[in-house]
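In what follows, a single structure is set out as structure tokens and then discussed.
The values are calculated or read from the model by the stated rules, or taken from the named source; none is laboratory data. The structure presented is a predicted model; accordingly, all values stated were derived computationally and were not measured. Cβ placement follows ideal geometry from the backbone for every residue including glycine, while neighbour counts extend to all protein chains displayed. Heavy atoms of the whole protein, side chains included, go into the accessibility calculation; ligands, DNA and RNA do not. Shrake-Rupley method; radii C 1.70, N 1.55, O 1.52, S 1.80 Å.
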Amino acid sequence: MKQYFKIDEWKIIEEGFDPLHHKIAESVFSLGNGRMGQRANFEEAYSGDMLQGNYVAGVYYPDKTRVGWWKNGYPEYFAKVLNAANWIGIDVVIDDEQLDLAKCEVTHFRRELNMKEGYLKRNFRTKTKKGKEVEIAAIRFCSMADDEAGAIKYTITPLNFSGTLIITPYIDGDVVNKDSNYDEKFWDEVKKEAGTEGGYVKLKTKKTGFEVATGMKFAITQDGKQLDITGQPVEKEKYVGTKVALKAEQGKAITIIKYAANLSSQNYKAEELVDKLNDTLAHISKKGFETMLAEQAAAWAKKWEHNDIIIEGDVAAQQAIRFNIFQLNQTYTGEDDRLNIGPKGFTGEKYGGSTYWDTEAYCVPFYLATADQKVTRNLLLYRYKQLGKAIDNAKLLGFKDGAALYPMVTMDGTECHNEWEITFEEIHRNGAIAYAIYNYVRYTADEAYLADYGLEVLIAIARFWAQRVNWSDDKQQYVMLGVTGPNEYENNINNNWYTSTLAVWCMKYTLEVIDKVKAVDDTKYKALTGKINFNEEQEIAKFKDIIAKMYYPYDEKQQVFLQQDGYLDKEQILVKDLPAADRPLNQKWSWDRILRSCYIKQADVLQGIYFFEDQYDVETIRRNFDFYEPRTVHESSLSPCVHAILAAKLGDEARAYEFYLRTARLDIDDYNNDTEDGCHITSMAGTWMSVVEGFGGMRVRDSKLSFNPFLPKQWQSFSFNVGFRGTLIKIKVTGDAVKVTHLSGPDMKLMLKSDVEIDLNAGTSINVKTTTVKIEGPK
């Protein structure tokens, strides 16, 4: 763990420039707006170690899979969100010396991410090798109001000289992906044009044929006065720039305002891209930088109004939760059902920027409670629209009759994960997609979704499970062989408890939804069963038989669900007894040694207990938690949040808080030594879950929200807002009370401490102290 950044409630602050931490800072200070995003690369040249990253949502390249041994059903490619044209570039030359912090002496450096208003600010002073000193002040943002655009204000002040300053704002599309399997460049140039006050580059992806036009327009002022400039156009391969020579005067600031935009053929006809790009640039430049910045602040104020979490008494925890919420909101806005949430969002290339089951298991709860329900509905529609390809994926592995296996990793529905033990065996992802449908309908009461879309997906998934199990003559039960559970430190195991439990639950839930849809709209049900050739009598009988006769590994002595057959044959050395030098295992041990160990990468059995908590009594949950957590190394970013929530459920406040801090500050403090690759965006939703479902004890029971909160001893209070079926409420937890405030929407009923039912009417607040309820008047 590192504490490189300063603690502040609303900002991430870096004081002093350390090249060894630069790539970590590039990740942490990343910006986005749901449509495009970027790592915090410098505007000026930087020849030191860095990871360049500009990304356009939904634009990807199918990088041919690189394996030593090809197997039937293996994905042909790994889909990668591409490093797109660099639009932030501003080259600065001071009397023939290029401004480059890797080559200059940095005498002052401060960078801050303003999460409240959504911009990145950087100030530094530097001295060139010839002794020229300059001060730079830069502000930039990806606009929430104009989500295909961004803007930069870059000010240069000569401190000890007057001389020639050459500024070249540019767009550079000659970029590479660090993770390219064959060192390819993924873009071809279509056209470009450099002008005296801007320019554009239009590029096309190889193979997939996406076209993206990236353009800029700029203006320059000196000492606050607009300059009438005549720039020199510069064109190179996939590059346009405008070179401007200026007479710099000591103490007089020179400011360049650079407006930029990325437009994709996903949203416009390819032949119209350049015209639409020019319209966008004209629109935002007419607004002006200050107006755009004010709109940015207003957009973020609206977001924080709905989903801020306020923690009093612990600034580090406050900073951390806001950082997680900020990154989630700038990664996905829910406006486009073709888009999803990559594990690294717009902060890095790792994992290809593709969709994983993380979305359904971790992100859905966050967006359900903090955004309009259409946002989560669009996440579900994303999967519905890819159902045909999920059925094709299953066919590749030998399944039939409309069975669907959703991909482990995808951009368009096609499986593109390139590790066989994941692609073929980590099939529990299917269950997470079914669970998200259940979670959405339970939370929103949008029953119409089931008849229109959900049931078709559920039947396809249930068909997969019905074919994936087999009958064991030895056990006289159904078994599930050759799988990988969430704990990826086990491969090709038999009867993973979580996977089997999830499979049976999926079939049960499918049967429930069949009955529900038939009762509400039998005509629609019959149309669906005809469309998918559903043999109701035969297939339902099969589902019921599996439900009744499924095998689950269990240890009578320990009275715990066994992660899989043979788990107790492993040497049972607890994590606390491992030498510190052996951690993290995935960087210190061979894969063979990991697979033979008892160590658990992330919640596996406990993931299932988290999903289906209401099916188990507290002592069952406690026994399993106390058995598995000491064997868990938490080397997945997705692990701590589940443990935090269950620890809170069990009243283990100390461990709940420990796990919360680990998930909340995972990237800021670089817990896993991998923040330089990008932030762990999907696990950030788990941080929110740790507070709201963990410390807040929020659940949905009997169509009502229920809260069973406690206050961590490190905090004076905490509060959060939750939207539920059109009503927005605020929960504030202090040492001796819980205050519930109705903020907007219809009246609602909710439960507190399991036994206090509250009627929450518009304009009221309710204080609960132990069992005393006090209703206050209008807010």
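Legend: residue pairs 389/524; 153/236; 385/588, Cα-Cα distance threshold 30 Å; pairs beyond threshold, 385/588. Can you list the equivalent-ellipsoid semi-axes of the stretch 123-192, largest first and in whole Å, using the square root of 5 times each Cα gyration tensor eigenvalue? So the equivalent ellipsoid measures 32, 19, 13 Å along its semi-axes. Length gained on full extension, residue 481 to residue 613, computed as 0.36 nm times the residue gap minus the Cα-Cα distance: 45.0 nm. Under 11 Å from a point 7 Å along the Cα-to-Cβ line of residue 9: which residues of the stretch 304-342 have their amide N that close? Answer for the stretch 304-342: 310-315, 318-319.
The mean accessible area for residues of the chain, using a 1.4 Å probe and ignoring ligands and nucleic acids, is 37 Å² per residue. Near residue 223, once Lys and Arg are set to +1 and Asp and Glu to -1 for all other residues with Cβ below 13 Å from its Cβ, the sum equals +2. Taking the three principal axes of the alpha carbon atoms in the stretch 624-685, the coordinate ranges are 35, 19, 17 Å, sorted in descending order.
Within the shell defined by Cβ-Cβ distances under 11 Å, the residues around residue 394 carry a net charge of +2, with Lys and Arg each +1 and Asp and Glu each -1. Remark: spin-label model distance residue 571-residue 178 equals 3.6 nm, labels positioned 7 Å along the Cα→Cβ axis. The label-point distance for residue 18 and residue 762, in a model that sets each label 7 Å from Cα toward Cβ, rounds to 5.4 nm. Cα-Cα over 18 Å: which of 6/302; 258/286; 400/531? Among 6/302; 258/286; 400/531, the Cα-Cα distance tops 18 Å for 6/302. Using the alpha-carbon positions of the stretch 308-368, Rg (one decimal) and Dmax (whole number) come out as 13.1, 41 Å.
Scoring 168-178, 440-450 by mean Cβ neighbours within 10 Å over their residues and listing the highest first yields 168-178, 440-450. Considering only C-alpha atoms, what is the centroid distance from the stretch 420-473 to the stretch 669-710, in Å? Distance between centres, Cα-based: 23 Å. Over the chain, DSSP H runs of length four or greater, each weighted -39,500 (n - 2.57), average out per residue to a 222 nm ellipticity of -9000 deg cm²/dmol. Straight-distance candidates among the lysines for linking to residue 753, with alpha-carbon spacing under 26 Å and chain neighbours fewer than 8 residues away dropped: 649, 704, 713, 730, 732, 739, 769, 774, 779. Taking all protein chains as shown and a probe of 1.4 angstrom, residue 516 keeps an accessible surface of around 90 Å². For the stretch 458-579, carbon and sulfur atoms together expose 46% of the accessible surface, with a 1.4 angstrom probe and every protein chain in place.
When the solvent-accessible area of the stretch 60-140 is split by element, carbon and sulfur atoms take up 42 percent of it, the probe being 1.4 Å. Treating each Cα of the stretch 68-114 as an identical point scatterer and summing with the Debye formula, the log10 of I(q)/I(0) at q = 0.14, 0.24, 0.28, 0.29 Å⁻¹ comes to -0.68, -1.10, -1.12, -1.12. Applied to the stretch 311-318, the Karplus parametrisation 6.51 cos²θ - 1.76 cosθ + 1.60 on θ = phi - 60° returns per-residue 3J(HN,Hα) values of 10, 9, x, 8, 5, 4, 5, 4 Hz, with x for Gly and Pro. Look at where the Cα atoms of the stretch 337-359 and of the stretch 566-586 average out, and the two centres are 31 Å apart. Counting every C-alpha pair in the stretch 235-303, the share spaced more than 18 angstrom apart comes to 63%. In units of the compact-protein estimate 2.2 N^0.38 Å, the stretch 74-168 shows a Cα radius of gyration of 1.40. Other residues whose C-beta falls under 13 angstrom from the C-beta of residue 596 contribute a net charge of -2, scoring Lys and Arg +1 and Asp and Glu -1.
For residue 71, go through the aspartates and glutamates and keep the ones whose alpha-carbon is under 15 Å away, minus same-chain ones fewer than eight residues off. Hits, sequence-local ones excluded: 415, 419, 421, 425.
Checking every one of the trypsin sites (Lys or Arg not before Pro) in the stretch 546-641 against DSSP loop status and a limit of 12 other Cβ atoms within 10 Å picks out 557. Relative to the globular-protein estimate of 2.2 N^0.38 Å, the Cα radius of gyration of the stretch 140-239 stands at 1.34.
For GluC sites (Glu not before Pro), the sites in the stretch 292-390 that DSSP calls loop and that have at most 16 other Cβ atoms within 10 Å are 335. Spin-label model, residue 130/residue 654: points 7 Å from Cα along the beta carbon direction are separated by 6.4 nm. For residue 223 and residue 710, the FRET efficiency from 1/(1 + (r/R0)^6), where r spans their Cβ atoms and R0 equals 56 Å, is about 0.45. Applying 0.36 nm per residue to the separation of residue 515 and residue 700 and subtracting their alpha-carbon distance, the gain on full extension is 64.4 nm.
Find how many whole Å separate the alpha carbon centroid of the stretch 126-204 from the alpha carbon centroid of the stretch 717-768. Rounded to whole Å, the Cα centres lie 48 Å apart. Here residue 99 sits with roughly 0 square angstrom of accessible surface, probe radius 1.4 Å. Between the beta carbons of residue 164 and residue 271, assuming R0 = 56 Å, the FRET efficiency works out to 0.85 to the nearest 0.05. Placing a label point 7 Å from the Cα of residue 508 along the Cα-to-Cβ direction, the residues of the stretch 536-550 whose backbone N falls under 14 Å from that point are 544-550. The alpha carbon convex hull volume per residue for the chain rounds to 172 Å³.
Placing one equal scatterer on every Cα of the stretch 669-716 and applying the Debye formula, the log10 ratio I(q)/I(0) at q = 0.13, 0.31, 0.33 Å⁻¹ is -0.47, -1.07, -1.12. Give, as ranges by residue number, the residues of the stretch 486-518 whose backbone N falls under 20 Å from the point 7 Å along Cα→Cβ of residue 396. Within reach of a label on residue 396, which here means backbone N under 20 Å from a point 7 Å along Cα→Cβ, the stretch 486-518 contributes 492.
Considering only Cα atoms, the convex hull volume of the stretch 449-502 works out to 95 Å³ per residue. Working note: Debye formula, equal point scatterers on the alpha-carbon atoms of the stretch 435-559, no solvent; log10 I(q)/I(0) at q = 0.09, 0.10, 0.12, 0.14 Å⁻¹ is -0.30, -0.37, -0.52, -0.68. Per-residue extension of 0.36 nm, minus the Cα-Cα distance of residue 536 and residue 105, leaves a gain of 147.7 nm for this segment.
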